Amino acid sequence: MEERIIQTIGIFCRGPLVLLGMKLRGFGVGFWNGPGGKFEPAKDRNVEESFDREALEEAVLTVKRKEKVGYIEFEFVDKPGKVLETHIFRVLEYEGEPQDGEEMRWQWFGEAEKEIPYQQLWPADEYWLPPVLAGKKIRGKVRYDSKEAKNILFKDLREVEEI
């Protein structure tokens, strides 16, 4: 039986800079990532509200306006039957400055490929993040060898008009 876990991730930009956080604990530790997390039905009415809550909890940023720019299903061979449904948002307007916490340490990076530390992001990020930063929308599936995501075994990521 398949277990589907709904999660969110967001891309905050300030001019030519993109905000990434180093994950300090839990799932994804050691990877740079945008703010986001699991959809919690007890707290959230929908994925949009879930993302807003996570951005506030993780980075102390209040999302004012955003657009959904991606949907990717992630699977891990060592976690058969588990699918991470990931909803990706580009934040268009927000309030606050990112603040480090117990879970994440924040840093602004230039959008240029040489400035974003792709070798320390999830491996599939190098395929979907550049198009999203360029204003495109992405949909697809990625399968990793393990929850440590050392190798991509399968990827089907494509630009789409609507999510």
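Where a number appears in this text, it was derived from the coordinates with a stated rule and is not lab data. Quick caveat: nothing in here was measured; it's all calculated off a predicted structure. All Cβ positions, glycine included, derive from the backbone under ideal geometry; neighbour counts span all protein chains shown.
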Only one of (1) in contact with a Pro (Cβ under 8 Å, 6 or more places away or on another chain); (2) surrounded by fewer than 15 Cβ atoms within 10 Å (Cβ to Cβ) does not apply to GLU67, and that is (1)
Residues satisfying the stated conditions in the range 113-163, i.e. assigned to a strand (DSSP E or B), without any contact (Cβ under 8 Å) to a residue 24 or more places away in the chain and among the basic types (Lys, Arg)
ARG158
Matching residues, the range 70-97, being surrounded by fewer than 20 Cβ atoms within 10 Å (Cβ to Cβ), under 17 Å from LEU20 (Cα atoms) and of a type in the set (A, V, I, L, M)
LEU92
Considering each of GLU49, GLU57 in turn, give the residue that is under 22 Å from GLU102 (Cβ atoms) and of a type in the set (D, E, K, R).
GLU57
Among the residues of the range 112-126, which ones are within 13 Å of the chain's Cα centre (by Cα) and either surrounded by 15 or more Cβ atoms within 10 Å (Cβ to Cβ) or closer than 19 Å to ARG14 by Cβ (or both)?
LEU121, TRP122, PRO123, ALA124, ASP125
When the range 1-27 is examined, which residues are found to be of a type outside the set (A, V, I, L, M, F, W, C), under 15 Å from ARG105 (Cβ atoms) and crowded, with 20+ Cβ neighbours inside 10 Å?
GLY21
Is it the case, given these coordinates, that ILE152 is more than 15 Å from GLY15 (Cα to Cα) and β-branched (Val, Ile, Thr)?
yes
